[in-house]
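Everything below concerns the one structure shown next.
The values are calculated or read from the model by the stated rules, or taken from the named source; none is laboratory data. Because the structure is predicted, anything quoted here is derived from the model rather than measured. Note: ideal-geometry Cβ built from the backbone for every residue, glycine included; neighbour counts use all protein chains shown.
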Amino acid sequence: MSLNAYLRARTIAESPRQAERRLMLEITGEMIQARDAGLMKGALMPALHRNREVWRTFSAVCGTVGNTLPDGLRASIISLALWVDHFTSDVITGRESIDDLIEVNRDIIDGLSGTGMAG
């Protein structure tokens, strides 16, 4: 099977929750690789930017009319997205470590997988 055929089949068979989990795993893996490579401050920007963008997307989707998630969960996701945006700026300037962003993503991965353990 060609790569394109595989990718098409995966997107057809994958639920939105599975796609979100896969995306969070990819982004979190990129942040871990950047951290483990010793990157700091602005050198972390590629991984941090992608993480920030996905959180902005999650927030925007939670704010749309017709979103069926419970109000409390939507509010929590929007609140987390705002925190991620602010905290990312602190990581870029060197005031904070990327580890807290990684940990938040792992918690979300746990929630999306339903296993209680990111992996």
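So, Arg35, is that one in contact (Cβ under 8 Å) with a residue 60 or more places away in the chain and farther than 21 Å from Leu82 by Cα or not?
Yes.
Identify all residues within the range 54-75 that are touching a helix residue (DSSP H, G or I) at 6+ places or on another chain (Cβ under 9 Å) and part of a helix (DSSP H, G or I); write none if there are none.
Val54, Trp55, Arg56, Thr57, Phe58, Ser59, Ala60, Val61, Cys62, Leu73, Arg74, Ala75
So which pairs qualify, if the first residue must be in the range 99-119 and closer than 17 Å to Leu48 by Cβ, the second must be at pLDDT below 95 and assigned to a loop (DSSP other than H, G, I, E, B), the Cβ gap must be under 6 Å, and the two must be at least 6 apart or on different chains?
These pairs meet every condition: Arg106/Ala118.
Residues are listed down the side, and each one gets a yes or a no for (1) at negative phi; (2) surrounded by 13 or more Cβ atoms within 10 Å (Cβ to Cβ); (3) without any contact (Cβ under 8 Å) to a residue 24 or more places away in the chain:
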{"site": "Leu48", "(1), (2), (3)": "yes, yes, no"}
{"site": "Asn51", "(1), (2), (3)": "yes, yes, no"}
{"site": "Ala60", "(1), (2), (3)": "yes, no, yes"}
{"site": "Thr64", "(1), (2), (3)": "yes, no, yes"}
{"site": "Leu69", "(1), (2), (3)": "yes, no, yes"}
{"site": "Leu73", "(1), (2), (3)": "yes, no, yes"}
{"site": "Ile78", "(1), (2), (3)": "yes, yes, yes"}
{"site": "Trp83", "(1), (2), (3)": "yes, yes, yes"}
{"site": "His86", "(1), (2), (3)": "yes, no, yes"}
